[in-house]
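The values are calculated or read from the model by the stated rules, or taken from the named source; none is laboratory data. For clarity, every value in this text was computed on a predicted model and none was experimentally measured. Here the Cβ positions follow ideal geometry from the backbone for every residue, glycine too, while neighbour counts run over all protein chains shown. Accessible surface is based on the protein model in full, side chains and every heavy atom, while ligands, DNA and RNA are left aside. Shrake-Rupley method; radii C 1.70, N 1.55, O 1.52, S 1.80 Å.
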Amino acid sequence: MLAAPINPSDINRIEGVYPIGPSPPAVGGNEGVGEVIAVAEGVQNLAVNDWVIPAKAGLGTWRTYVVKEETDWCKVRKDVPIEYAATAFINPCTALRMLEDFVPLSEGDVVVQNGATSIVGQCVIQLAHLRGLETTNIIRDRPGVEEVKRRLKVLGASGIFTENELDPKELPAFFKDAKLGLNCVGGNTATSVMKLLRENGTMVTYGGMSKKPITVSTSAMIFKGIELKGFWLQKWVNNHPPADLAKMIDYILGLVHDKKLVYLTEQLPFIEFRKALENALGMHGSSIKQVLTFT
Ligand SMILES: NC(=O)c1ccc[n+]([C@@H]2O[C@H](COP(=O)([O-])OP(=O)(O)OC[C@H]3O[C@@H](n4cnc5c(N)ncnc54)[C@H](OP(=O)(O)O)[C@@H]3O)[C@@H](O)[C@H]2O)c1
């Protein structure tokens, strides 16, 4: 392996609260990038020096070496930074699928999301911006919030509000007209996403960072006709041929190569895994995506 991130679902698997996972003892980590150092006889589509990422979850990427079947890997381009190759799969692809698969969106349409500082959130902002869509973004109140807002604005965010700043009654109509809402937090901020949806809008839930349930008002269901859906990338991968995944990763890494998709990561050598895990767990406050490096 060259590099592998620590994602919230990796932590959830270790905590035993994720619906699927390997039986212990097992190696953590579900995505990352590796370099092929040897291939067995009969392997046709991979060669020494190729870069590969896991083609499915559960491979156990937090390790220096791994031996798996050819079909467990997806070959990726090598002309992008390793931290992007290591993180191209789970979060950017989730952002892309949620923009593509739920409601037809056209230029000028509004998407509202919470958890906008996450890698998924940052990708949603940029992929939406590339499609001429507007995004309303809800972030946590936390130290350094003005700098965070500035950064998301540069990525193309149309509106950015902290949870406390957001009073849907006070907002201009534009911000209350979202066709699609994306929720990875739950609790009150999921309610805020629903309040900013237009009539018959759809909210897709794909995470539960606050560990709080979603409360839906009766009027949102009856009078506004809000639709609630869920997304799980693993299900998408299970239901699509490997070529579709390869095409999607190519698209994402093409944007990275052209500097049209950027996000911050912090790289730490594998030996500092404890610090990286503490950062990922938020034990030292909000942190950017932690990426373990093995070289
Ligand atoms: N369903 C799927 O297939 C799928 C696929 C990919 C990701 N996901 C989910 O998407 C979400 C984002 O993943 P990621 O890897 O992009 O995240 P990430 O980059 O690791 O960032 C974590 C995000 O969670 C926020 N957060 C952390 N603790 C929180 C809390 N207690 N209350 C509210 N917000 C909190 C952080 O806000 P601050 O910046 O303010 O700290 C940050 O926005 C996760 O829930 C993940 O499980 C789901």
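For segment 12-23, the criterion of being touching a residue at least 60 places away in the same chain (Cβ under 8 Å), in contact with a helix residue (DSSP H, G or I) (Cβ under 8 Å, 6 or more places away or on another chain) and open to solvent by 10 Å² or more (accessible area, probe 1.4 Å) is met by at least one residue.
Considering segment 152-166, the residues that are touching a residue at least 12 places away in the same chain (Cβ under 8 Å) and over 15 Å from V112 (Cβ atoms) include one that is most open to solvent (accessible area, probe 1.4 Å), namely N164. Of all residues in segment 211-226, exactly one satisfies the criterion of being at positive phi and open to solvent by 70 Å² or more (accessible area, probe 1.4 Å), namely K211.
Condition first: among the acidic types (D, E) and within 22 Å of K247 (Cα to Cα). Can you find one or more residues in segment 15-30 that meet it?
No, segment 15-30 contains no residue that is among the acidic types (D, E) and within 22 Å of K247 (Cα to Cα).
The selection criterion, being near the ligand (Cβ under 8 Å from one of its atoms) and in the same structural domain as T191 (by TED's automatic domain parsing), does not hold for G108. Restricting segment 127-160 to residues that are aliphatic (A, V, I, L, M) and in a loop (DSSP other than H, G, I, E, B) leaves a set whose member that is farthest from the ligand (Cβ to nearest atom) is L133. Hey, any hits in segment 190-198 for a residue that's assigned to a helix (DSSP H, G or I), open to solvent by 10 Å² or more (accessible area, probe 1.4 Å) and within 11 Å of the ligand (Cβ to nearest atom)? No, segment 190-198 contains no residue that is assigned to a helix (DSSP H, G or I), open to solvent by 10 Å² or more (accessible area, probe 1.4 Å) and within 11 Å of the ligand (Cβ to nearest atom).
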